[in-house]
Amino acid sequence: QERGAAVTTRREIDADGRPVVRSIKKGVKDFNFGQTLGEGSYSTVLAAQDKITGKDYAIKVLDKRHIIKEKKVKYVNIERDTLNRLTDHPGVVRLYYTFQDERSLYFVLDLCTGGELLGTLKRMSTFDEECARFYAAQILDTIEYMHNRGVIHRDLKPENVLLDENKHVKITDFGTAKLLAERKDQNGYTSFERDSSESSERASSFVGTAEYVSPELLTDKNACKASDLWAFGCIIYQLLAGRPPFKAGNEYQTFQKIVGLQYEFPRGFPEAAKDLVERLLVLEPQRRLTIEHIKNHEFFDGIKWGKSLWSTPAPKLRPFM
Ligand SMILES: C[C@@H](Nc1nc2c(c3cc(-c4cn[nH]c4)ccc13)C(=O)N=C/C2=C\CC1CC1)C(C)(C)C
């Protein structure tokens, strides 16, 4: 059967002795399930192995009754539609196919054996500049791809940045993404509606994770592509400082620090990184650096953008000196 096809075919002889091809959808029984890898708010991600091909996957299991009761159907559809739009980039976790049984929905996905970037960071306490540069570059390359495909992630944070077997980045958890409407022009070319920072669309109810949420999401409730770049600034800061820039005793105090831009750099924070973070943690979304400018920033000197970024081995993660 075609690689990763949701439907496999089987040749059989029917009751009249005629050869027949039956197409069967993969199901739970086609997998050996392993350890629980992560728990989402209404889902569990398990390791699983395809019994026939032996290939390892991560399978996200969603309880249908719970989703309906918690009114999360919208998020499940957004995650599936987003993953189906982001299928050809090494930095996005790949959705191969879905199936369901009477109780659950199943998303069959890339297995990221390197786990969460946050876990690695906590073990290292902080990354040195070379490691921070490498991971920031792969995350930015992936953000650029998502934005070009009309997707705003809206909840970027180290927990949602996973690592594959080569310790390369795989961004995940798209249930709260914003999908800009897709348009086909008269020549059949796909374009996406203008970024919501230009259009005054209705306020959305969703707010990301406190430490990484952008000021515009807190004040006028609208996320835009630049909101992902605010979170990106927080991630660079955290890779080098070992903690996020805005963290207080409770969420409300964290929000106050964000809208008041109350943060400072620890002693020894590298100068180039400091300059970049300062140009990303800007209250006015339109005044934040654009992706093109970020890629040309001194902090990324030496990074070769494009495919080679994903074929170079990840730098050795040296424990904190
Ligand atoms: C962030 C997420 N955690 C995780 N989500 C995924 C993992 C994953 C793997 C490990 C891991 C692997 N080895 N050791 C730890 C730890 C956490 C994981 C994976 O391999 N493949 C797809 C995943 C998610 C796909 C989802 C977009 C549909 C939460 C906490 C929400 C469950």
> Given the residues F127, F134, F99, which is the only one that is touching a residue at least 60 places away in the same chain (Cβ under 8 Å), within 16 Å of the ligand (Cβ to nearest atom), over 15 Å from T172 (Cα atoms) and surrounded by 15 or more Cβ atoms within 10 Å (Cβ to Cβ)?
Replying inline: F99
>> For the condition hydroxyl-bearing (S, T, Y) and not in a helix (DSSP H, G or I), what is the one hit in Y145, Y135, Y97?
In response: Y97
> Which condition breaks for G233 when tested against (1) among the small types (G, A, S); (2) in a loop (DSSP other than H, G, I, E, B); (3) without any contact (Cβ under 8 Å) to a residue 60 or more places away in the chain; (4) crowded, with 19+ Cβ neighbours inside 10 Å?
Replying inline: (2)
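Conditions (1) within 23 Å of the chain's Cα centre (by Cα); (2) over 26 Å from A223 (Cα atoms); (3) exposed (fewer than 11 other Cβ atoms within 10 Å of the Cβ), marked per residue:
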{"site": "Y263", "(1), (2), (3)": "no, no, no"}
{"site": "E284", "(1), (2), (3)": "no, no, yes"}
{"site": "T290", "(1), (2), (3)": "yes, no, no"}
{"site": "S308", "(1), (2), (3)": "yes, yes, yes"}
>> What pairs come out if I take residues in segment 108-119 that are closer than 22 Å to T87 by Cβ and more than 6 Å from the ligand (Cβ to nearest atom) and pair them with residues that are open to solvent by 20 Å² or more (accessible area, probe 1.4 Å) and not aromatic (F, W, Y) whose C-beta lies under 6 Å away, six or more apart or interchain?
In response: G114/K167
> Looking at segment 169-192, which of its residues are within 16 Å of the ligand (Cβ to nearest atom) and open to solvent by 40 Å² or more (accessible area, probe 1.4 Å)?
Replying inline: D173, L179
> Within segment 1-92, which strands (runs of 3 or more DSSP E) (wholly inside it) include 2 or more residues that are open to solvent by 70 Å² or more (accessible area, probe 1.4 Å) and away from the ligand (no atom under 15 Å from the Cβ)?
Replying inline: 7-13, 19-25
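Here is a yes/no grid of residues against (1) within 18 Å of the chain's Cα centre (by Cα); (2) under 20 Å from G27 (Cα atoms); (3) of a type in the set (D, E):
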residue: Q100; (1), (2), (3): no, yes, no
residue: S104; (1), (2), (3): no, yes, no
residue: M124; (1), (2), (3): no, no, no
residue: F134; (1), (2), (3): yes, no, no
residue: T142; (1), (2), (3): yes, no, no
>> Restricting to segment 217-230, give me the number of residues that are charged (D, E, K, R), part of a helix (DSSP H, G or I) and open to solvent by 20 Å² or more (accessible area, probe 1.4 Å).
In response: 1
> What is the number of the single condition among (1) farther than 27 Å from A48 by Cβ; (2) in contact with a Pro (Cβ under 6 Å, 6 or more places away or on another chain) that L117 does not meet?
Replying inline: (1)
>> Against the condition out of contact with any Gly (no Cβ under 7 Å at 6 or more places or on another chain), part of a helix (DSSP H, G or I) and not hydroxyl-bearing (S, T, Y), how does F299 come out, does it pass?
In response: yes
> Do we have any residue at all in segment 108-130 that's of a type in the set (D, E) and assigned to a helix (DSSP H, G or I)?
Replying inline: yes
> Is it true that some residue in segment 143-151 is crowded, with 16+ Cβ neighbours inside 10 Å, within 16 Å of the ligand (Cβ to nearest atom), among the aromatic types (F, W, Y) and farther than 24 Å from V61 by Cβ?
Replying inline: yes
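The values are calculated or read from the model by the stated rules, or taken from the named source; none is laboratory data. Predicted model only: the values in this text are computed from it and were never measured. Note that each Cβ is placed from the backbone with ideal geometry, even for glycine, and that neighbours are counted across all protein chains shown. In case anyone asks, the SASA skips ligands and DNA or RNA and just uses the protein heavy atoms, side chains included. Shrake-Rupley method; radii C 1.70, N 1.55, O 1.52, S 1.80 Å.
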